[in-house]
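Enquirer: I am attaching a structure below and will ask some questions about it afterwards.
The values are calculated or read from the model by the stated rules, or taken from the named source; none is laboratory data. None of these values were measured; they are calculated from a predicted model. Neighbour counts are summed over all protein chains in view; Cβ atoms, including those assigned to glycine, are modelled from backbone coordinates with ideal geometry. Accessible surface areas use protein heavy atoms only, side chains included; no ligands, DNA or RNA. Shrake-Rupley method; radii C 1.70, N 1.55, O 1.52, S 1.80 Å.
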Amino acid sequence: MTLGNHMKELLLAAYSDENLINPSTDGSHSIIFSRQRMEEQQNSVNVSEILLQGFSGGVGTIFIAVVLGIFILLTIIGNVFVIFAIATEKNLKGLANWLILSLAVADLMVATLVLPLSAYNEVNQQIWSLGPELCMMWTSLDVLCCTSSILHLLAIAIDRYWAVTDIEYARSRSPKKIYLLIAGVWGGSSIISFAPVFGWKDPDFYRRLEADGRCLVSQNVIYQVFATCTSFFIPLIFILLLYWNIFKQARKRIRSRPGAAAVLIEKNNPGSSASTHFTEDQSEGKDSSQAQISENGIGTNPAGLGRLIVLAKREKKHVKESTEAKRERKAAKTLMIITGVFIVCWLPFFVMALMMAVCSSCEPDGIVFSILLWLGYTNSLVNPVIYTVFSPDFRNAFKRMLCGAQYLTQRH
């Protein structure tokens, strides 16, 4: 029942009750007056419906299109900046940044190959009208690019774990390992994304597309369990474990780092020159180990040392502890942001995708589906920020790209 019909029935009932309670001497005049009032009310209702439909169909559609267009543009700009910075800056051309470069390429593919058609689908109220072939290609590219973006985060976590636990790996990364990580990411993503193209799609794919106009990834239960687990849930578990171990190793290194060097001035026998030595305090209650380093290049024997004047006092210990606490907090904050944003962006969508496949009555509302889908896409927008904001080299590269010669002049 429409809003206009409902208002008609209410007005008829109201005016009928009024005529029964207060009958008019001229019944025809009362009926005419009531009909006029009903027509006025109906006209006002119809105007309201027209205005509401006009807002939702015109202004609302334009607003959604503009917002999604800005979203896509920002995603493209951010990832292009990362790619250009790594390709042009000498400080960023090391192997350590190749994974970030590949991640930026994956996120740029999301922004250029997937998001425009997703925005079209949203503006068209999730009614697909571009044919089954383009639907199949779009969903495959969607799974390929988004899965690749997620698996790159796992590859970066693996690379950082190796760098923290193996000092030699951090000093001289092997190009072979980086190549294998990148190839594994794109190879695994291709297998997951193109499986439905080679037959692993649900039997209702074409019926759902023709009857309901809905373009969805294969809803085959086995495929959805396989795809959601390999694309998100399993990588998520490994990312959490790796970053937890990275944080523990970093905290262990910070706490076991030797204390500040104590400067010792040795007064040798008369006629000999003074020399400066350095000692490092390992911990309280232990003797300091002396590094026999002399400014005048003369080696000395600890047994023949004269008076030593210690200039670095133990009173500075609380300063060292404060610095350690700050480093621990910064490391924890960085890892929390990286994992937290990733989980917030993708966890709701993959839970929904899994529930849609295993529970036929659990399909969410169209608005909820769109919000969770674009929340996942947001990860491609924020990845350039997360993985570069903590790097001074990237920040300086972006400033040079934006400010040009003016930034270089200010630096010098």
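Enquirer: Among the candidates Val351, Val341, Val389, single out the residue that is under 15 Å from the mean Cα position of the chain (by Cα) and at pLDDT 90 or above.
Expert: Step by step, each of Val351, Val341, Val389 is checked, and only Val341 is under 15 Å from the mean Cα position of the chain (by Cα) and at pLDDT 90 or above.
Enquirer: Out of the residues in the range 83-140 meeting the condition of being under 17 Å from Arg214 (Cα atoms) and among the hydroxyl-bearing types (Ser, Thr, Tyr), tell me which one is farthest from the chain's Cα centre (by Cα).
Expert: That would be Ser129.
Enquirer: Further question on the same structure: Condition first: touching a Leu at 6+ places or on another chain (Cβ under 9 Å) and outside any loop (DSSP other than H, G, I, E, B). Now tell me which residues in the range 354-368 satisfy that.
Expert: Met356
Enquirer: Which ranges mark the helices (runs of 4 or more DSSP H) fully within the range 94-207 that have 1 or more residues being modelled with pLDDT of 90 or more and surrounded by 15 or more Cβ atoms within 10 Å (Cβ to Cβ)?
Expert: Fully inside the range 94-207 and qualifying: 98-109, 115-123, 132-165, 175-194.
Enquirer: Next up: Do you know which of the residues in the range 69-87 that are more than 20 Å from Ile182 (Cβ to Cβ) and touching a residue at least 60 places away in the same chain (Cβ under 8 Å) is least open to solvent (accessible area, probe 1.4 Å)?
Expert: Thr75
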